[in-house]
1. Identify the residue in segment 195-236 that is part of a strand (DSSP E or B) and not hydrophobic (A, V, I, L, M, F, W, C) and, among all such residues, is nearest to Pro180 (Cα to Cα).
2. How many residues does segment 66-88 hold that are buried (at least 18 other Cβ atoms within 10 Å of the Cβ) and in contact with a strand residue (DSSP E or B) (Cβ under 8 Å, 6 or more places away or on another chain)?
3. Of the residues Ile154, Ile172, Ile147, only one is within 16 Å of Ser96 (Cα to Cα), aliphatic (A, V, I, L, M) and more than 16 Å from the ligand (Cβ to nearest atom); which?
4. Restricting the search to segment 1-58, which residues are within 16 Å of the ligand (Cβ to nearest atom), polar (S, T, N, Q) and out of contact with any helix residue (DSSP H, G or I) (no Cβ under 6 Å at 6 or more places or on another chain)?
5. Applying the selection to segment 147-188, what residues are within 13 Å of Ile230 (Cβ to Cβ) and among the acidic types (Asp, Glu)?
6. In the list Lys161, Lys138, which residue meets the criterion of being in contact (Cβ under 8 Å) with a residue 40 or more places away in the chain and among the basic types (Lys, Arg)?
7. Given the criteria in a helix (DSSP H, G or I), free of Cβ contacts under 8 Å to residues at least 60 places away in the same chain, away from the ligand (no atom under 16 Å from the Cβ) and of a type in the set (A, V, I, L, M), does Ala188 qualify?
8. Just checking, does segment 172-192 include any residue being surrounded by fewer than 16 Cβ atoms within 10 Å (Cβ to Cβ) and within 17 Å of the chain's Cα centre (by Cα)?
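Computed from the coordinates by the stated procedures, all read-outs in this text should not be read as laboratory data. This structure is a prediction, so every number in the text was calculated from the model and none was measured. Heads up, the Cβs are rebuilt from the backbone with ideal geometry, glycines too, and the neighbour counts pull from every protein chain shown.
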Amino acid sequence: MRPTILAGNWKMNLSLSEATELARGIRDGYKSDSKKEAWVFPSHLHIPGVSEILSGTNVKVGLQNIYPSALTAMTGEISPDQGEDFGIKLALVGHSERRQFLGETNAVCREKVHFLLTKGWTVVYCIGEKIEEREAGKTFDILSSQIKEGLKDISSDLMTKLVLAYEPVWAIGTGKTATPEIAQEAHAFIRKEISQLFVGGDKIADAMPILYGGSVKPDNVKSLLDQKDIDGGLVGGASQKVSSYLGLF
Ligand code: 13P
């Protein structure tokens with residue numbers, strides 16, 4: 001009963017005219033009766049234009065990052081209230097680029113996840129191991145601590161708005177996709193962790209979409225989506241061109 005979601009993370013790519021053109025192409029090409037949901041995460045500066053183009057469609061627009069507070073003095077950050085002005089209640093938290101290069105820890109992620117969920121937002125919480133962690137046999141320990149610390153003391157009723165994204169860092173932007181079997185193994189582990197961590201966990205885990213991210217493309221998406229615990233993709237490069245994004249559906 002879980003939805004299939006193909007989410008495009010545009011990261012810090014695209015000029016305003018390229019983002020606008022991409023949004024128009026998605027608006028015109030995405031079939032509104034598609035069984036697969038389309039979510040896009042443009043740069044903050046492109047949110048006004050992209051949300052306007054996609055308003056009235058079934059394509060959901062989300063923010064790549066958010067500060068966990070109401071309007072306040074916090075230079076350079078964006079508040080969820082400001083997102084809501086554009087009808088947005090969807091955000092990524094803990095993308096590996098933010099963890100790796102901007103010092104975002106599990107504790108910081110936890111604050112963001114908690115704040116957003118209590119405001120009724122949908123959160124895509126990103127986790128995943130680095131290559132040296134995988135090679136040292138630590139993949140499941142890393143995933144487990146990202147789950148336990150990033151979702152610490154989140155109540156079971158809030159968890160219904162959480163989406164998990166498994167993005168092995170070694171597969172992001174490298175052209176190296178995890179094999180469907182490797183990805184499935186990690187997704188099954190994540191679902192089991194969620195089921196054990198929360199009151200009523202079986203039901204939460206069963207209903208929670210878990211997206212795979214890391215070099216997803218039109219030619220490998222089907223083999224990934226065929227896996228029992230893979231409910232969609234969080235896609236970087238291939239989501240930033242109309243043809244390759246629509247080619248995922
Ligand atoms: P790529 O699809 O470019 O590997 O990026 C994945 C990603 O980081 C999505 O958030």
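1. The extreme case among them is Tyr212.
2. Matching residues across segment 66-88 total 4.
3. Working: Ile154 fails: within 16 Å of Ser96 (Cα to Cα); Ile172 fails: more than 16 Å from the ligand (Cβ to nearest atom).
None of the others qualify; the one that does is Ile147.
4. Within segment 1-58, Asn9, Ser43 meet the criteria.
5. Passing the criteria: Glu167, Glu181, Glu185.
6. Details: Lys138 fails: in contact (Cβ under 8 Å) with a residue 40 or more places away in the chain.
Every option except Lys161 fails the conditions.
7. Details: in a helix (DSSP H, G or I): yes; free of Cβ contacts under 8 Å to residues at least 60 places away in the same chain: yes; away from the ligand (no atom under 16 Å from the Cβ): yes; of a type in the set (A, V, I, L, M): yes.
Here the answer is yes, as Ala188 does meet what is asked.
8. yes
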